[in-house]
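*Asks:* I'd like to ask some things about the structure below.
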Amino acid sequence: MVIVALAIRVLVIFAFHTYRVDHGLQNYNFGYEMGRIGRAIAQGRGFSDIYHGAIGPTSWEPPVYPYLVGGIFKIFGIYSQRSAIALLTINGFFSALTCIPIFLIARRCFGEKAGIASAWTWALYPWAIYWCTTWIWETSLSTLLLAALFWLTLTMEEHVGFKSWIQFGLLWGVTVLSNASLTSFLPASGLWVAHGYAKRSKRWLGGAVIASLVFFACLTPWEIRNYRTFGHFIFIRGDFGEQLRMGNGPGARGTWMISLIPSRNKAEFAKYASMGEVAYAAEQKQEAVQFIKEDPRRFLVLCVKRFLYYWGGNPRSPIWQTAALENLFAIATSTVCFWGLIRSLRKRIPGAWLFFWLILLYPAVYYITFPNSRYRLPIDPYIVMLGMSLIAENKRTHPLPPSGARLR
């Protein structure tokens, strides 16, 4: 499955020439903020310059993927075609490897057939192929890390000793430093493991302490760097104020107000450059909070719209036909997901509540900021698995007649 999935992704990269990145806006389309930071790292300026020019250090992205981009730039050249091929192929490798935890999770929760069907579906899943072959971003890496964490969370209670706790803390540390939004699932994951140990009358407090120490040890160097650079504590990334403002304010319609981003708005960029990153983010947050306080009813309506757009597809597409197809696909897969989740909870499938907490918690931040179809990819594997569980259940309930059987 992994070999086939990787072959498909590499074939798409070369067949559709997705490595030929648009070099407009001073190569900004090559990885966007990830590419800008990667360029600064490769040029020896450190984790900085998130937009145009040498504008100083940044904390607006987690460190793992930008350092990967910087390393590739150092080897194959900054904004070069070889770098694009390398980064997209690595993304494809991350996406293909995700077949393994998907198979293990689905087999454990729904049976062998569901595991095989889920992994093969992921190998051919259109969105998984699209994002890893067109976007130089951490999305496919985050999806792989979350799937590995989900599998480890499910099986932790069966392990003996502290090794699995160390792995748990280390994997969570790397995951959060790749995608801070996944932190919302951390409490549910930890409590699930503790509950599993308690059910088996096994001690868990000492292991939890070790996992926590390992987790914070992973985060500490980055947190020290942020404190020394910006003068106050910043948990992973400091752009929440900007993200909140781009979804809430005059003119907000439930989608991303892309015109406010400093990379596209000269006035906002000038303000960002003159005020500094921390002060700019604080001002953006203040404006968004003020808007929410003044009109909470409109904010609630926007949150409902964002929920619908997250699960039903984002209406912002320049090509109506493409948007319609994307939305139909999103609606269909979301419907199957919720149907499968409800069925799994009612039948008390092992791990069903862990699916529930992930689907409840991870997207929540996008309901108050703004949705994007890319933000759904980390939980698409669970949408696939829940869908395949329905198919596997239907086959068990209505088995096909044996070959050669006669109708009577």
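*Asks:* Go through (1) among the acidic types (Asp, Glu); (2) under 25 Å from residue 93 (Cα atoms); (3) surrounded by 13 or more Cβ atoms within 10 Å (Cβ to Cβ) and name the single condition residue 49 misses.
*Replies:* (2)
*Asks:* Only one of 264, 253, 245 is assigned to a loop (DSSP other than H, G, I, E, B), of a type in the set (Lys, Arg), in contact (Cβ under 8 Å) with a residue 12 or more places away in the chain and on the phi < 0 side of the Ramachandran plot. Can you tell me which? Break it down into steps so the answer makes sense when it comes.
*Replies:* On the way: 264 fails: in contact (Cβ under 8 Å) with a residue 12 or more places away in the chain; 245 fails: assigned to a loop (DSSP other than H, G, I, E, B).
From the options 264, 253, 245, the qualifying one is 253.
*Asks:* Suppose we filter the range 1-50 for residues that are more than 30 Å from residue 274 (Cβ to Cβ), at pLDDT 95 or above and of a type in the set (D, E, K, R); how many remain?
*Replies:* 1
*Asks:* Mind listing just one residue for me: the one in the range 72-102 that is over 22 Å from the mean Cα position of the chain (by Cα) and assigned to a helix (DSSP H, G or I) and, of those, nearest to residue 380 (Cα to Cα)?
*Replies:* Step by step, filter the range 72-102, then rank; the result is 83.
*Asks:* Looking only at the range 210-240, which residues are surrounded by 12 or more Cβ atoms within 10 Å (Cβ to Cβ), in a helix (DSSP H, G or I) and among the hydrophobic types (A, V, I, L, M, F, W, C)? Write out each step before concluding.
*Replies:* If we filter the range 210-240 for residues that are surrounded by 12 or more Cβ atoms within 10 Å (Cβ to Cβ), which is where we start, we get 210-219, 222-223, 225-227, 229-230, 234-240.
Those still in the list that are in a helix (DSSP H, G or I) too: 210-219, 222-223, 225-227, 229-230, 240.
Correct list: 210, 211, 213, 214, 215, 216, 217, 218, 219, 222, 230, 240.
*Asks:* I need the full set of residues from the range 199-208 which are in a helix (DSSP H, G or I) and surrounded by 13 or more Cβ atoms within 10 Å (Cβ to Cβ), in order please.
*Replies:* Hits for the range 199-208 are 207, 208.
*Asks:* Here are some conditions: (1) at pLDDT below 95; (2) within 30 Å of residue 134 (Cα to Cα). Residue 350 meets all but one. Which one does it not meet?
*Replies:* Just one mismatch for residue 350, condition (2).
*Asks:* Considering only residues that are charged (D, E, K, R) and farther than 18 Å from residue 340 by Cβ, which ones fall in the range 363-388?
*Replies:* 374
*Asks:* Next question. Within the range 38-71, can you find the residues that are of a type in the set (Val, Ile, Thr) and assigned to a helix (DSSP H, G or I)?
*Replies:* Residues satisfying the conditions are 41, 64, 69.
*Asks:* What is the residue count in the range 8-37 for residues that are hydrophobic (A, V, I, L, M, F, W, C), assigned to a helix (DSSP H, G or I) and surrounded by 13 or more Cβ atoms within 10 Å (Cβ to Cβ)? If you could, list the steps in order and put the result at the bottom.
*Replies:* Start the filter on the range 8-37 by keeping residues that are hydrophobic (A, V, I, L, M, F, W, C), which leaves 8, 10-16, 21, 25, 30, 34, 37.
Remaining after also requiring assigned to a helix (DSSP H, G or I): 8, 10-15, 25, 34, 37.
Now restrict to residues that are surrounded by 13 or more Cβ atoms within 10 Å (Cβ to Cβ): 8, 10-14, 34, 37.
Summing the residues that are hydrophobic (A, V, I, L, M, F, W, C), assigned to a helix (DSSP H, G or I) and surrounded by 13 or more Cβ atoms within 10 Å (Cβ to Cβ) in the range 8-37 gives 8.
*Asks:* Another one. Does the range 159-166 include one or more residues that are exposed (fewer than 13 other Cβ atoms within 10 Å of the Cβ), modelled with pLDDT under 95 and touching an Asp or Glu at 6+ places or on another chain (Cβ under 7 Å)? Can you show your working first?
*Replies:* Taking the range 159-166 first, the residues exposed (fewer than 13 other Cβ atoms within 10 Å of the Cβ) are 160-161, 163.
Next cut, modelled with pLDDT under 95 only: 160-161, 163.
With touching an Asp or Glu at 6+ places or on another chain (Cβ under 7 Å) added as a condition, the list becomes none.
No; the residues of the range 159-166 include none that is exposed (fewer than 13 other Cβ atoms within 10 Å of the Cβ), modelled with pLDDT under 95 and touching an Asp or Glu at 6+ places or on another chain (Cβ under 7 Å).
The values are calculated or read from the model by the stated rules, or taken from the named source; none is laboratory data. None of the values given here were measured: they were computed from a predicted structure. Using ideal geometry, Cβ is built from the backbone for each residue, glycine included, and neighbour counts are taken over all protein chains shown.
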